[in-house]
Amino acid sequence: QVQLTEAGGGSVQAGGSLRLSCAASGMIFGIHVMSWYRQAPGKQRELVATIDSDGGRDYLDSVKGRFTISRDNAKNTVYLQMNSLKPDDTAVYYCWAEIEPYTDHRRYDYWGQGTLVTVIS
């Protein structure tokens, strides 16, 4: 069974940095797109950053220049380096991946459990 396990959330002062990681495990044949989403209290979940299998990246406008998404294909892991954090970045951050398991070679969406990031002003 495929699962995504996140790490790296916590509390940080405004202007500080955090690095999130999300490791995929299980019977994985291939991982295509990997992304980070976030959901702040009372708001809808939004796409923060995405990276495809060729390394192409895209970002939410409000995090451009501050956040960097990367992936280590050998470790089936995606990272989100967050710098110059602002109180508005406070949210639960979820990783998402489009994964092709060995079982049937179809693509499925998988979500991590979420990790809380709190930015203190």
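Be a star and scan region 88-102 for residues whose amide nitrogen sits under 20 Å from the point 7 Å along the Cα-to-Cβ vector of Gln1.
Correct set: 95-102.
List the chymotrypsin sites (Phe, Trp or Tyr not before Pro) within region 22-119 that DSSP assigns to loop and that have no more than 11 neighbouring Cβ atoms inside 10 Å.
Passing sites in region 22-119 are Tyr102.
Nothing charged except the Cβ atoms of Lys and Arg (+1) and of Asp and Glu (-1): what's the magnitude of the dipole of region 1-85 about its Cα centre? Round to the nearest 20 debye. Walk me through the numbers before you get to the answer.
Values: 9 positive and 7 negative charges, 45 e Å.
For this selection, approximately 220 debye.
Answer with one residue from Gly26, Pro87, His105: the one whose Cα lies farthest towards the positive end of the charge dipole of the chain, charges on Cβ with Lys, Arg +1 and Asp, Glu -1.
Going by the charge dipole, the pick is Pro87.
I'd like the Karplus ³J(HN,Hα) series for region 40-54: coefficients 6.51, -1.76, 1.60, θ = phi - 60°, whole numbers in Hz, and an x wherever there's a Gly or Pro.
8, x, x, 10, 7, 5, 10, 7, 9, 7, 9, 9, 9, 5, 8
Between region 100-121 and region 7-47, what is the separation of their alpha carbon centroids in Å?
8 Å
Give me, ordered by chain and number, the residues 5 or more places off Thr90 or on other chains with an amide H under 5 Å from its own placed amide H.
HN-HN under 5 Å from Thr90: Val119.
The chain: Rg/Rh from Cα coordinates, Kirkwood Rh? Before the final figure, lay out each step's value.
Details: Rg = 14.2 Å, Rh = 14.5 Å.
Expressed as Rg/Rh, it is 0.98.
Each value in this text was obtained by applying a stated rule to the coordinates, not by laboratory testing. Here the structure is a predicted model, which is why all the values come from computation and not from measurement. Using ideal geometry, Cβ is built from the backbone for each residue, glycine included, and neighbour counts are taken over all protein chains shown.
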